[in-house]
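Some notes on the structure that comes next.
The values are calculated or read from the model by the stated rules, or taken from the named source; none is laboratory data. Note that the coordinates shown come from a computational prediction; the quantities given were computed from them, not determined experimentally. Cβ atoms come from the backbone with ideal geometry, glycine included; neighbour counts cover every protein chain shown. Surface areas here come from the heavy atoms of the whole protein model, side chains and all, with no ligands, DNA or RNA. Shrake-Rupley method; radii C 1.70, N 1.55, O 1.52, S 1.80 Å.
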Amino acid sequence: MTDLLYGEVEEELRTTVRRVLDDRSPVRQVLARCEEGRPADLDLWRVLATEMGLAGLAVPEGYGGGGASWREVAVVCEELGRAVTPVPYLGSAVVAAAALLAVDDAELLTALAGGTVVALAVPFASVPGLPVSGFTADGGTVSGSARGVVDALAADVLLVPTGTGLYAVDATADGVTRHPVVSLDLTRPICDLTLERAAGRLLADGEAAAAAVEAALVTGAALLASEQLGIATWCLDETVGYLSTRHQFGRPLGSFQALKHRLADLWVEVTQARAAARYAAGCAAT
């Protein structure tokens, strides 16, 4: 049976990450960055990725990573979701990392653990189990397009599935074009990606390539739930705080029975979401 409780190491990790995010990425600062049109905080990414070693948390120690499981990574995702932190963590440290772990590419796993941003070139809304490739390979080059690719704007390397293989493409190479797209979530920039005979390195082909993409999408979906849990928890905490301090008719709003019942229902929903997200992370880890 999957253990849904947090361990001591996970709670220590949460405390450390939350302290850094409260200091370096408060909500007001995140909102200001979005309003100024510069949501991605790459300075904070360098702190999280290299100084704290979170980019390679799931990467084996032999490649310079933390050797942790997806359970620990899920705790980081919760805290990043809670603070709506504008860094390419889900796309690089989760989705791309899962694909690279599946093909066991030492070069890119080492680079990812060192802070290199890697993005899987598929639409963010891609569903596990369905075809995702909009690219074709011709010799050592890749061509095609994908819409709504997450974290590709900040990426140094793109992982491009072609249907017959999985290629690594330098995001700054000739033939690579990235068009920013306005997203509903301004803290997670997306772009439309076009490749025209861009040079690529084959990482895997056939069933191995398909399995790597599937692992990336499934793991990404599982840990996206942890991000959503984080923001749901923050919303509940902020609501409770507001109802405790806001007064009407000489009483705190939180003292009214109807609002107490609504808060209780919300607490139950968040608790159920936590169980589902923890179970998903546990399944990904095992």
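Can you report the number of residues in segment 190-218 which are under 18 Å from the mean Cα position of the chain (by Cα), open to solvent by less than 30 Å² (accessible area, probe 1.4 Å) and under 20 Å from GLY163 (Cα atoms)?
Residues in segment 190-218 being under 18 Å from the mean Cα position of the chain (by Cα), open to solvent by less than 30 Å² (accessible area, probe 1.4 Å) and under 20 Å from GLY163 (Cα atoms): 4 in total.
So, in segment 219-235, of the ones that are open to solvent by 20 Å² or more (accessible area, probe 1.4 Å) and of a type in the set (A, V, I, L, M), which residue ends up farthest from VAL27 (Cα to Cα)?
Ranking the candidates gives ALA221 first.
From the set of residues in segment 172-189 that are open to solvent by 30 Å² or more (accessible area, probe 1.4 Å) and assigned to a strand (DSSP E or B), which is nearest to LEU44 (Cα to Cα)?
Looking at residues that are open to solvent by 30 Å² or more (accessible area, probe 1.4 Å) and assigned to a strand (DSSP E or B), I get PRO180.
Please count how many residues of segment 180-233 are at pLDDT 95 or above, at negative phi and of a type in the set (Lys, Arg).
1
Would you call VAL160 in a loop (DSSP other than H, G, I, E, B), modelled with pLDDT of 95 or more and open to solvent by less than 40 Å² (accessible area, probe 1.4 Å)?
In short, no.
Of the residues GLY114, GLY140, which is at pLDDT below 95, surrounded by fewer than 18 Cβ atoms within 10 Å (Cβ to Cβ) and either touching a Gly at 6+ places or on another chain (Cβ under 9 Å) or β-branched (Val, Ile, Thr) (or both)?
GLY140
Considering only segment 27-52, state which residues are open to solvent by 30 Å² or more (accessible area, probe 1.4 Å), touching a residue at least 40 places away in the same chain (Cβ under 8 Å) and not in a helix (DSSP H, G or I).
Passing the criteria: only ALA40.
Please tell me if LEU236 is under 29 Å from CYS77 (Cα atoms) and not in a loop (DSSP other than H, G, I, E, B).
yes
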